[in-house]
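Participant: Take this structure first; my questions come after.
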Amino acid sequence: MRSTFRWLEVAFWLVLVAGYVLWPGKLPLASQVLIAGLFALSYDLVLGYAGILSLGHAAYFGVGAYTAGLLAAHGWGEPISGLMVAGLVAALVGFVTSPLVVRGTDLTRLMITTGLGLLLFELANRLGTITGGVDGLQGVEMQPLLGALRFDIYGRTAYGYVLVVVFVLFLAARRLVRSPYGLSLRGIRANPGRMRAIGCRVDLHLAAIYTFAAAYAGVAGALLTQTTQFVGLDVLSFGRSAELLVMLIVGGAGLLYGGFIGAAVFMIAHHVLSSLDPVYWQFWLGVCLIAIVLVGRDGILGAGRRLLTLRRRRPVTVTAS
Amino acid sequence: MASLLGVLFDGLAYGMLLFLMSVGLSVTLGLMNFVNLAHGAFAMLGGYVCVVLMQRWGVPFLGALLLAFFASAVAGVVLERLLYRHFYRRSHLDQVLLTIGLVFVAIAIATWLFGSQQQPLRLPPILSGQWTLVGVDLNVYRCFLLAVGAVLAFALTVVLERTRFGAAVRASVDDARVAEALGIRVSLVFQLTFAVGCGLAGLGGALGIEVLGLDPTFPLKYIVYFLLVVAVGGTGSLKGPLLAALLLGVADVAGKYYLPQVGAFILYAIMVLLLIARPQGLVARA
């Protein structure tokens, strides 16, 4: 079982590298999917592993996006350092807000995160002189990557850049969730009271993963800014947080790859269906969500895993509850 | 001075609307611990029923309001039986997903049927116009809103605190298992309160067309306000949500009037601060 998954993992990343040959005309869309996948990975760490129900995760995505955008618009167009600064700023915001989010029940968390998300959205909206307000931030100009590779109109540089960043961050997250610390997070999701009883500092652990995930979200936002050279107010919108939840659930939460699969399905479906009719898209999105919760919530990856298990008739420890 | 009173008056009328629309949600959350993000969809349904009845069939305003109440209540019961009841024991995440899905479907259906534009509403002549009282202009329709809200809040309080059914509701909110053991049919109590809550949301939606407008994004636009009322007011009582809704209404109108450049920012900041200071709501139950 384990070796199957390892091969599947290798194949997954090889297919993405082969994207240059497989979908050369669709590289900008593919970059967007990867960025959404990274954002969903960040949300997976919060929701799938730590069990924190949030509807305001776009706040950190937006902070990263605006940080990178403002840096580039004011002359600091070097992409990699901009990316790092954006990640750090988002992590800082995540760290400052984490005490508010970590405490309380699902419902309070839901409302606090929603409130924080709306708060930042309004802030960006009102600080129009700095952020450009509803018109978006103009004048984002990126310097060539590593001083040599220009961001071209076909998105070749952008796709490679995004793919490398996402891969590196993915490896780190994979290492993290398989560490003892990652196990403690799953323990907290399953039963916080018992974890506390065996001496785990629950609040501290949750705050740490929340900060870490905020940094990932910030990097994802910065990547979007750098590859599209524009920041719109919608990076902070409630809709983005809600769509993020949908992506992760469609793909499968608590499985690391779920976010990427979900992002791909979601964005391609969006691309196809909303070109027919935007109303159509929203309707089917809603129906899909209802169907997913009625049938079982472990998403596409979970279903695939169940199929594999059925075929082999071997018990497997399924991590998603 | 006059403007201050005017803002207060508008804010209270607005708050009454918010109260009507969110009181059902506070009961749902308090009674069944069910996160119903689709509550606004019932309000929107009431609004559209009212508009259609008045414009296509010439039903008078008051009649249309009543029918809006019943339409939303019936829709609530049907959805409760079909979908919601399977989710009471499920996690909050499942409930959020289900009800967000419902919101998307509701928005799509409303757009498909009525288009994305704002729906116009012609008020009966008795309810339009202004009264001038000691130098303050009072909008007649807002007086009507305040009166309806006050009467309904009073009626709800009487039902909840003086009747056997109200006692059953309160017992179920306090401890559903013990209430069940005492012979109260909690699921039936819940269905009835859910229906009334949805009906009130529908009534609020119909009453609110004049003030809040009505378009397909209504459920998303106002869900934050409903959650705010419940979060600030606490769940399972009437006093809390009423107080919270009035406060919110006045704060929102005052904010928009005196500090338009800050807008909704103050409101969200207040919400976050209140939630941090009093996670159980303003009027916490003992």
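Throughout, read-outs are computed from the coordinates displayed, never taken from laboratory work. All figures in this text were calculated on a predicted structure; none of them were measured in a lab. No Cβ is skipped: glycine too gets one built from the backbone with ideal geometry, and neighbour counts run over all protein chains shown.
Participant: Can you report the number of residues in the range A:200-236 which are outside any helix (DSSP H, G or I) and surrounded by 18 or more Cβ atoms within 10 Å (Cβ to Cβ)?
Facilitator: Here the count works out to 3.
Participant: Now a separate question. Please determine whether any residue of the range A:45-64 is surrounded by fewer than 24 Cβ atoms within 10 Å (Cβ to Cβ) and away from chain B (no Cβ under 14 Å).
Facilitator: So far as the range A:45-64 goes, no, none of its residues is surrounded by fewer than 24 Cβ atoms within 10 Å (Cβ to Cβ) and away from chain B (no Cβ under 14 Å).
Participant: Still on this structure, I have one more. Looking at the range B:110-126 only, could you name the residues that are part of a helix (DSSP H, G or I) and either within 7 Å of chain A (Cβ to nearest Cβ) or not aliphatic (A, V, I, L, M) (or both)?
Facilitator: Result: B:Thr111, B:Trp112, B:Phe114, B:Pro125.
Participant: I'd like to check which helices (runs of 4 or more DSSP H) are fully inside the range B:128-229 and have at least 2 residues that are among the aliphatic types (A, V, I, L, M) and touching a Ser or Thr at 6+ places or on another chain (Cβ under 8 Å).
Facilitator: Where helices (runs of 4 or more DSSP H) fall fully within the range B:128-229 and carry at least 2 residues being among the aliphatic types (A, V, I, L, M) and touching a Ser or Thr at 6+ places or on another chain (Cβ under 8 Å), they are B:164-174, B:186-212.
Participant: Which of the residues belonging to the range B:240-274 are within 18 Å of B:Met21 (Cβ to Cβ) and within 14 Å of chain A (Cβ to nearest Cβ)?
Facilitator: B:Ala244, B:Leu248, B:Asp252, B:Ala264, B:Leu267, B:Met271
Participant: Looking at B:Ala176, B:Ala108, B:Ala181, B:Ala153, can you tell me which residue is aliphatic (A, V, I, L, M), surrounded by 13 or more Cβ atoms within 10 Å (Cβ to Cβ) and over 30 Å from A:Val295 (Cβ atoms)?
Facilitator: B:Ala153
Participant: Okay, next question. Tell me, yes or no, whether the range A:265-279 has at least one residue that is among the aromatic types (Phe, Trp, Tyr), out of contact with any Phe, Trp or Tyr (no Cβ under 8 Å at 6 or more places or on another chain) and either under 27 Å from B:Val224 (Cβ atoms) or crowded, with 22+ Cβ neighbours inside 10 Å (or both).
Facilitator: There is at least one residue in the range A:265-279 that is among the aromatic types (Phe, Trp, Tyr), out of contact with any Phe, Trp or Tyr (no Cβ under 8 Å at 6 or more places or on another chain) and either under 27 Å from B:Val224 (Cβ atoms) or crowded, with 22+ Cβ neighbours inside 10 Å (or both).
Participant: Now, a different point. Do you know which residues across the range A:93-135 are within 23 Å of the chain's Cα centre (by Cα) and small (Gly, Ala, Ser)?
Facilitator: Scanning the range A:93-135 gives A:Gly94, A:Ser98, A:Gly115, A:Gly117, A:Ala124.
Participant: Any idea which of B:Val74, B:Val96, B:Val51 is among the β-branched types (Val, Ile, Thr) and either closer than 22 Å to A:Leu110 by Cα or assigned to a loop (DSSP other than H, G, I, E, B) (or both)?
Facilitator: So the residue among B:Val74, B:Val96, B:Val51 that is among the β-branched types (Val, Ile, Thr) and either closer than 22 Å to A:Leu110 by Cα or assigned to a loop (DSSP other than H, G, I, E, B) (or both) is B:Val96.
Here is a yes/no grid of residues against (1) among the aliphatic types (A, V, I, L, M); (2) within 30 Å of A:Tyr49 (Cβ to Cβ):
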{"site": "B:Val27", "(1), (2)": "yes, no"}
{"site": "B:Asn33", "(1), (2)": "no, yes"}
{"site": "B:Leu62", "(1), (2)": "yes, no"}
{"site": "B:Ala75", "(1), (2)": "yes, no"}
{"site": "B:Val96", "(1), (2)": "yes, yes"}
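Participant: Has the range B:189-208 got at least one residue that is among the polar types (S, T, N, Q) and in contact with a helix residue (DSSP H, G or I) (Cβ under 7 Å, 6 or more places away or on another chain)?
Facilitator: Yes, there is a match, as at least one residue in the range B:189-208 is among the polar types (S, T, N, Q) and in contact with a helix residue (DSSP H, G or I) (Cβ under 7 Å, 6 or more places away or on another chain).
Participant: What number goes with the only condition from (1) over 18 Å from B:Leu207 (Cα atoms); (2) outside any helix (DSSP H, G or I); (3) not β-branched (Val, Ile, Thr) that B:Gly30 does not pass?
Facilitator: Among (1) over 18 Å from B:Leu207 (Cα atoms); (2) outside any helix (DSSP H, G or I); (3) not β-branched (Val, Ile, Thr), the lone unmet condition for B:Gly30 is (2).
Participant: For the range B:59-75, state whether one or more residues are of a type in the set (A, V, I, L, M, F, W, C), farther than 14 Å from B:Ala206 by Cβ and at the interface with another protein chain (Cβ under 10 Å from one of its Cβ atoms).
Facilitator: For the range B:59-75, residues of a type in the set (A, V, I, L, M, F, W, C), farther than 14 Å from B:Ala206 by Cβ and at the interface with another protein chain (Cβ under 10 Å from one of its Cβ atoms): absent.
Participant: Please verify whether B:Leu79 is farther than 30 Å from A:Asp106 by Cβ and surrounded by 18 or more Cβ atoms within 10 Å (Cβ to Cβ), treating the condition exactly as stated.
Facilitator: Here the answer is no, as B:Leu79 does not meet what is asked.
Participant: Something else now. Among the residues of the range A:121-143, is there at least one that is among the β-branched types (Val, Ile, Thr), in contact with a Ser or Thr (Cβ under 6 Å, 6 or more places away or on another chain) and within 14 Å of another protein chain (Cβ to nearest Cβ)?
Facilitator: Within the range A:121-143 (the criterion being among the β-branched types (Val, Ile, Thr), in contact with a Ser or Thr (Cβ under 6 Å, 6 or more places away or on another chain) and within 14 Å of another protein chain (Cβ to nearest Cβ)), the answer is no, since none of the residues qualifies.
Participant: While we're here: Just for the range A:100-116: of the residues that are touching a residue at least 60 places away in the same chain (Cβ under 8 Å) and at the interface with another protein chain (Cβ under 9 Å from one of its Cβ atoms), which one is surrounded by the fewest Cβ atoms within 10 Å (Cβ to Cβ)?
Facilitator: A:Arg103
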